Amino acid sequence: MIQAVENLTTIVGTILGLASHPGLPGYGVVTLRLEEARPVEGKADLISNQLGRDMQVTVRSELLGGARPGARLRCRARRTPDGAICEPNPEAGGFEIAP
């Protein structure tokens with residue numbers, strides 16, 4: 001059995017595409033080009049190695065609003081066995097989609 005490592009990274013990237021998550025109702029899958037990644041103090045950083053690459057991140061649909069390709073997404077995300085996921089209930093200022 002593999003033990004999960006507690007991890008969290010602040011990520012920023014340009015949205016390339018959006019889709020409904022195939023297995024998690026109420027979540028979407030955002031494909032983005034990872035342009036910035038900063039470790040969160042006291043947590044392992046398991047995402048920065050994707051810097052400059054396209055990656056998928058799961059996001060609660062409610063947070064996505066009217067997000068469209070070309071917008072920039074910023075969130076705190078963690079790597080799971082199923083891929084990266086943004087915090088589902090971010091603190092104020094902890095999630096942003098900017099045109």
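Throughout, read-outs are computed from the coordinates displayed, never taken from laboratory work. Small disclaimer: the values here were computed from a predicted structure and weren't measured. Heads up, the Cβs are rebuilt from the backbone with ideal geometry, glycines too, and the neighbour counts pull from every protein chain shown.
What distance in nm separates the two pseudo spin-label positions at residue 24 and residue 54, each 7 Å out from Cα along the beta-carbon direction?
It is 2.1 nm.
Within a Cβ distance under 13 Å of residue 72, other residues only, what is the Lys/Arg minus Asp/Glu net charge?
Local charge sum for residue 72: 0.
Write out the trypsin sites (Lys or Arg not before Pro) in the stretch 6-99 meeting two conditions: DSSP loop, and at most 13 other Cβ atoms within 10 Å of their Cβ.
53
State, as an integer percentage, the relative contact order of the chain based on alpha-carbon contacts under 8 Å between residues 6 or more apart.
31
Round to the nearest 0.05 the FRET efficiency obtained for residue 45 and residue 68 when R0 = 30 Å and r is the Cβ-Cβ distance.
The calculated FRET efficiency here is 0.60.
In the stretch 20-99, which GluC sites (Glu not before Pro) are in a loop and have at most 10 other Cβ atoms within 10 Å, using DSSP for the loop call?
Listed in order of number, the matching sites are 41, 91.
Taking the Cβ of residue 12 as the center, what net charge do the other residues with Cβ under 12 Å away carry, scoring Lys and Arg +1 and Asp and Glu -1?
Net charge around residue 12: +2.
Taking the Cα centre of the chain as origin, work out the dipole magnitude from +1 charges on Lys and Arg Cβ and -1 charges on Asp and Glu Cβ, in debye rounded to 20.
Value, rounded to 20: 180 debye.
Grab the DSSP H runs of the chain that are 4 residues or longer, score each as -39,500 (n - 2.57), total them, divide by all residues and round the 222 nm result to the nearest 500 deg cm²/dmol.
-500 deg cm²/dmol
Of the listed values (i) 59, 29, 23; (ii) 36, 28, 27; (iii) 105, 21, 11, identify the label whose number matches Cα extents along the principal axes in Å calculated from this model.
Given (i) 59, 29, 23; (ii) 36, 28, 27; (iii) 105, 21, 11, the structure-derived one carries the label (ii).
When only alpha-carbon atoms count, how far does the stretch 42-99 stretch along each of its three principal axes, as whole angstroms with the largest first?
Principal extents (Cα only, largest first): 30, 25, 19 Å.
Among residues other than residue 36 whose Cβ falls under 14 Å from its Cβ, what is the net charge (Lys/Arg +1, Asp/Glu -1)?
Neighbourhood net charge equals +3.
Quick one, can you get me the convex hull of the C-alpha atoms of the stretch 1-56 expressed as volume per residue in Å³?
Per residue, the Cα convex hull of the stretch 1-56 comes to 111 Å³.
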